[in-house]
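Quick note: the coordinates plus some simple rules give every number you see, no bench work behind them. Predicted model only: the values in this text are computed from it and were never measured. Cβ placement follows ideal geometry from the backbone for every residue including glycine, while neighbour counts extend to all protein chains displayed.
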Amino acid sequence: MLTVLTTYLGKQVHERLSARIFGHILLSEPMARVYTRSIGHYITLAGDDTFKSGTIVASLLQSFVGFLTAMIGLLVLYQFSSSIFFGVLVFLGCSLVLIGSLIGVMMKLNATAVTLSREAGTTFVEAFNSLRSIRALHSERFVMSSYANHMHNYVRKLVQMDAIKSGVKAFPAIVLLLLSAIALRPAAQVDMTDAALFAGTVIVIRVFASLGQMAAACSQLLTDIRAVRDIGALVKLAQEEWRPLAGISAIKVSTIGLHQVSFGYDDRGHVLRDVSFRFEAGHTYAIVGPSGAGKSTLADILLGLSLPNSGAVTVNEGVLSLEAARRRFMLVEQQPKIFSTTVRENLLLGAAANDDALHAALDVVNLDDTVRSLGEGLDTRLTYLGENFSGGQRQRLGIARALIRQPDVLILDEATSALDLDTRIEVVAKLRTHMRDGIIIFITHDPEIAALADEVLPIGEPQTRAVAATQEGRAD
Ligand code: ADP
């Protein structure tokens, strides 16, 4: 009954912890940490590690039951024969050192197995997300052998760990057998009746079986504790950096100020240095600069996804906190993530909007006719990574997805790069009309797009060269 109960408890722990860890990663894990860790790290945390945390309940119980029955057995043994009892104690003292070192080896193997499992998980997800490129580059065999290697080494570590665990469990019994064989050899003088010998053997077997169970459960516990430690660290950090899902602020964003903002990812130096700028509602901006200059990094700072090392970002001259304003900011990436579901779900992703609003947003990006012409309109399913849409259509879907959330600030990170020039110019003009009371920020190295903005903020160049350009060809 206890086994059934602990198994049930373990499954409950696994289920709840897994969902909670997933939530912590989505809500609280700072982007800077996500960037430096692998996908496999998080897969292992929410999968294997939460499972191990669940099995700890069972291991704890098994250790306790093993300990209790061994103690009772030892007590009975002491009553039965004090000399055998002390003999067993001496043996236990000696074997403790050996079992301890075996457990040490097992913990080292476990650490390597965890690393290998993370690497295999990362390879799997990254390969799956890049299947097209892998096939185009004919790199299937390389990726397959890399995954197979990780799995081979990982499984080897698991087998070695299992072997050690079985050894730890069987060790006392094996030694008992050897001692019995010596004691019962024909020449040995055993000063006991057959019945006493039988009873003594039964008690000692029971004690040693319990000790084996306890040692195996303890070794499992010690290796699984690493998983609990990792989960505990994540939960602790999540609590420290807890960011409740902010409701949408009632106040509209009218200005954003960058004040001497500097940022570096690590100690290799600053990506952004003393950037100051002011964005105002009703205007369109272009952040320009060469590749690697820090344009996307600046977008992350505007979105509150990265925090400046020094300087500050203010909204409405500091009246509105960046956190409160965040739901009024939208980012569209160069390659919007497409989910394997309908066009409607891809647009909504949890937001509430009726079909008219969806069609209106699609119309702004010249995609409405295309969607209406699909057999099932908004109910058409997008396939793996949205491959039944072209790159430009996926980009426009990404912009429409942002528009239905009625942002005050729309940041387009190279988000029109896959459109032909005419479509690009038309979409930008329609966007400007649609967002006439808001702020549009283009992040681009495309001079055609920069030319459509009211003001240009060059990144990666001295701030004195910031150009305030009133452009021709504005849509409004
Ligand atoms: P841009 O958008 O102008 O092409 P980015 O903002 O993407 O430039 O990158 C600016 C610099 O910061 C680059 O040198 C890039 O290598 C570095 N960088 C970007 N993201 C990270 C990251 N997550 N970790 C470490 N360095 C990064």
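Which order do peptides 306-312, 140-146, 438-444 fall in by mean Cβ count within 10 Å, highest first? Intermediate values should be presented prior to the final figure.
On the way: 306-312: 15.6, 140-146: 12.6, 438-444: 24.4.
The most tightly packed comes first, giving 438-444, 306-312, 140-146.
Using modelled amide H (1.01 Å from N, peptide plane; none on Pro or chain starts), what sits under 5 Å from the amide H of L457, excluding residues fewer than 5 places away?
Amide H neighbours of L457: A286, I287, V288.
Out of the DSSP beta bridges found with both residues in the chain, what percent are antiparallel (nearest 5)? Provide the component values of the computation, followed by the final result.
Details: 14 of 33 bridges.
Counting DSSP beta bridges with both partners in the chain, the antiparallel share is about 40 percent.
Listed here are the pairs K108/K236; K337/K430; K157/K337; K157/K236; K52/K169; K295/K337; which of them are more than 28 Å apart at the Cα? Write down the numbers at each step before the final one.
Values: K108/K236 25 Å; K337/K430 23 Å; K157/K337 36 Å; K157/K236 30 Å; K52/K169 20 Å; K295/K337 20 Å.
K157/K337; K157/K236, as the Cα separations exceed 28 Å there.
Rounded to the nearest whole Å³, what is the per residue volume of the convex hull around the Cα atoms of the chain?
Values: hull volume 101.6 nm³, N = 476.
Spread over its residues, the Cα hull of the chain gives 213 Å³ apiece.
Given only helices, namely DSSP H runs of n ≥ 4 each adding -39500 (n - 2.57), what is the per-residue ellipticity at 222 nm of the chain, to the nearest 500 deg cm²/dmol? Please report the intermediate quantities before stating the final value.
On the way: 16 runs with 280 residues, N = 476.
Rounded to the nearest 500, the figure is -20000 deg cm²/dmol.
So how far, in whole Å, is the C-alpha centre of the range 111-149 from the one of the range 265-305?
Distance between centres, Cα-based: 33 Å.
Rg and Dmax of the range 345-412, using alpha carbons, in Å: what are they?
Answer for the range 345-412, Rg first and Dmax second: 11.4, 34 Å.
Of the peptides 9-22, 92-105, 283-296, how do they stack up when ordered by the mean number of other Cβ atoms within 10 Å, highest first?
The peptides rank, most packed first, as 283-296, 9-22, 92-105.
Out of residues 5 or more away from H283 or on other chains, whose amide H comes under 5 Å of its own, with H placed 1.01 Å from N in the peptide plane?
I440
Just report the Cα centroid separation between the range 1-52 and the range 349-415, whole Å.
Comparing the Cα centres of the range 1-52 and the range 349-415, I get a distance of 33 Å.
So what are the range 255-475's ellipsoid semi-axes, whole angstrom, largest first, if each one is the square root of 5 times an eigenvalue of the alpha-carbon gyration tensor?
Values: eigenvalues 185, 67, 56 Å².
Equivalent ellipsoid semi-axes, largest first: 30, 18, 17 Å.
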